[in-house]
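Structure, as structure tokens:
The values are calculated or read from the model by the stated rules, or taken from the named source; none is laboratory data. This structure is a prediction, so every number in the text was calculated from the model and none was measured. With ideal geometry, Cβ positions are generated from the backbone for all residues, glycine too; neighbour counts draw on all protein chains shown.
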Amino acid sequence: MLVLGWRTSFCSSSTRFLSTTSICFDRYDPKLFTEAVVDKEQLCKPLNPDDPRKYMFIKALKSDHSPVFYRDHVVDKLIRVCMKEGKKEISRNNVMSALETVKRRQYKLWARAKTNEEKAQIELNPFAVANKAILNSRPLMKLLGVTRGGTTYQVPFPIPEPEAEFRAMKTMRDVCRQKAKKGETSFADILATELLAASKNEGLTIQAKQELHKLCEANQIMAMAATSPVALLTQFEQQYSVNTADITAKIGRLQSMGTSNRVNGIREIQRLLGDVSDLLEQMELSVHELQSGSQERTKYDTRVKSYHNDKKQLEIELQRVVQRFNYDDDRVELFSVDENCVDQQDQLIQNTESLARTSRKIQDTYRMVVETEQVGNEILGNLGSQRETITRARERMREADADVTRSNKVLSQMIRRVIQNRLLLLIIAIFMMVCLLFIIYKSL
């Protein structure tokens, strides 16, 4: 069946005719044209008597619709995404070369497989490998900036399937181009490697997708901020309750800890207090976004003030515990001096010996530095004399080069004069031979 791509001109009557002008409109006349059929099974069936394809023209096919068996929607889209500066033929060659490389590599794996089960797990169709790779690389969420109350939040949103497919192809294209810029290998080989890796949920494209999902999970709370400040405040209150409960429990456990663990525990509590301060600041900003004078605004203002008071009480309690620990340590140190201290005289002697050893080491080090400086000065002097020697040798070489150049010129002149003399002798000999032959000829 022929697929006609002609279009009709605009007319008021229902007469069927083809335009003879060079102007073609973008829309087909529904009275004269019908949709093209791309299903092979439908094309093989005979036409019904009332089938519109018998008496109507057929619309031109789109680039993505074709009855040809080797055309694939994902591969065609990948070709368009990989296209650069409108050079679609180059992009098509690269993608097709990559698919051919995929098929060769998969066939090698299939040939090396020992059992039928291993061979059955290897996909030999490169189009199926490409479809699976793009399907595995499609992200589920994306981050969009949403401004609310003067603050821009990066909020995760679900991605439609066409956009997710395009993002997967674009990420794979960017990864391949970055590797190709480094000169590792050709774009087609890199694309083949990335397709095989993505079909197994591996490679840089899958890694970029996972990083995007992690960012979306980290910014999940921002979705509440973009939709409702009350929901965000509820989330902040939950985090505040968890942090304050953790701080109270850790303050209670400080008494049973050792000295070294106690310092780490105090630092952890101070870090949690800093997180609580950040939460309270965010809660204040969220409260300001509520409508002024509303019941929600008044309620959350009161709650935030009470949260600030609770935080101050926790800080005071921590400070008291730290002061008590310091007081206990001072008492232990004060009353345990006579039991744990060694003789002060022996300690002074040991300190004096240590100072003497340190002084000797410093003197030895100073002497080594002086010797090193002397050796360095000698080396610099030797280098200076060697530089002068090299300079004189270079000047002599330049003079010798000039002499050799003059000698070459003299030799060239001598050779030229020898050649001139020989040519002159040859001419004279030829002239004498000619004269001799002429004389002999005249004498005869």
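Would you call ILE316 touching a Lys or Arg at 6+ places or on another chain (Cβ under 6 Å) and modelled with pLDDT of 80 or more?
Details: touching a Lys or Arg at 6+ places or on another chain (Cβ under 6 Å): no; modelled with pLDDT of 80 or more: yes.
Here the answer is no, as ILE316 does not meet what is asked.
Got a sec? Which of GLU268, GLU284 is within 18 Å of GLN319 (Cβ to Cβ), in contact (Cβ under 8 Å) with a residue 12 or more places away in the chain and among the charged types (D, E, K, R)? Lay out the reasoning, then the answer.
Working: GLU284 fails: within 18 Å of GLN319 (Cβ to Cβ).
Matching residue, one of GLU268, GLU284: GLU268.
When both residues are 6+ apart or on different chains and their Cβ atoms are under 9 Å apart, which pairs have a first residue that lies in the range 300-317 and is free of Cβ contacts under 8 Å to residues at least 24 places away in the same chain, and a second that is assigned to a helix (DSSP H, G or I) and of a type in the set (A, V, I, L, M)?
Listed pairs, sorted by first residue: ASP301/VAL287.
Each row is one residue, and each column tells you yes or no for (1) modelled with pLDDT of 85 or more; (2) in a helix (DSSP H, G or I); (3) small (Gly, Ala, Ser).
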residue	(1), (2), (3)
LEU285	no, yes, no
GLY293	no, no, yes
THR298	no, yes, no
ASP301	no, yes, no
TYR307	yes, yes, no
ARG324	no, yes, no
ARG331	no, yes, no
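Look at LYS170 and say whether it is closer than 22 Å to LYS84 by Cβ and surrounded by fewer than 12 Cβ atoms within 10 Å (Cβ to Cβ).
Working: closer than 22 Å to LYS84 by Cβ: yes; surrounded by fewer than 12 Cβ atoms within 10 Å (Cβ to Cβ): no.
No.
Looking at (1) outside any helix (DSSP H, G or I); (2) free of Cβ contacts under 8 Å to residues at least 24 places away in the same chain, which one does GLN154 not meet, given that it meets all the others?
(2) is the only condition that GLN154 fails.
Looking at the range 289-300, can you tell me whether even one residue there is touching a Ser or Thr at 6+ places or on another chain (Cβ under 7 Å) and either of a type in the set (Phe, Trp, Tyr) or surrounded by fewer than 17 Cβ atoms within 10 Å (Cβ to Cβ) (or both)? If you could, list the steps in order and put the result at the bottom.
Here is the first cut: in the range 289-300, the residues touching a Ser or Thr at 6+ places or on another chain (Cβ under 7 Å) are none.
Checked the range 289-300: no residue is touching a Ser or Thr at 6+ places or on another chain (Cβ under 7 Å) and either of a type in the set (Phe, Trp, Tyr) or surrounded by fewer than 17 Cβ atoms within 10 Å (Cβ to Cβ) (or both).
Would you check which residues across the range 87-141 are of a type outside the set (Ser, Thr, Tyr) and not in a helix (DSSP H, G or I) and list them?
Our first condition is that a residue be of a type outside the set (Ser, Thr, Tyr); within the range 87-141, this holds for 87-90, 92-96, 98-100, 102-106, 108-114, 116-136, 138-141.
The answer is LYS87, ALA113, LYS114, ILE122, GLU123, LEU124, ASN125, ARG138, PRO139, LEU140, MET141.
Per-residue answers, yes or no, for (1) within 25 Å of ALA208 (Cβ to Cβ); (2) basic (Lys, Arg):
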| position | (1), (2) |
| --- | --- |
| VAL74 | yes, no |
| ARG80 | yes, yes |
| GLU89 | no, no |
| VAL102 | yes, no |
| ALA111 | no, no |
| LYS114 | no, yes |
| ALA130 | yes, no |
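Sort out which residues of the range 125-140 are of a type outside the set (S, T, N, Q), closer than 15 Å to THR171 by Cβ and surrounded by fewer than 23 Cβ atoms within 10 Å (Cβ to Cβ), and write them in order of number.
Let us first name the residues in the range 125-140 that are of a type outside the set (S, T, N, Q), namely 126-130, 132-135, 138-140.
Pick out the ones that are also closer than 15 Å to THR171 by Cβ and you get 130, 133-135, 138-140.
Matches in the range 125-140: LEU135, ARG138, PRO139, LEU140.
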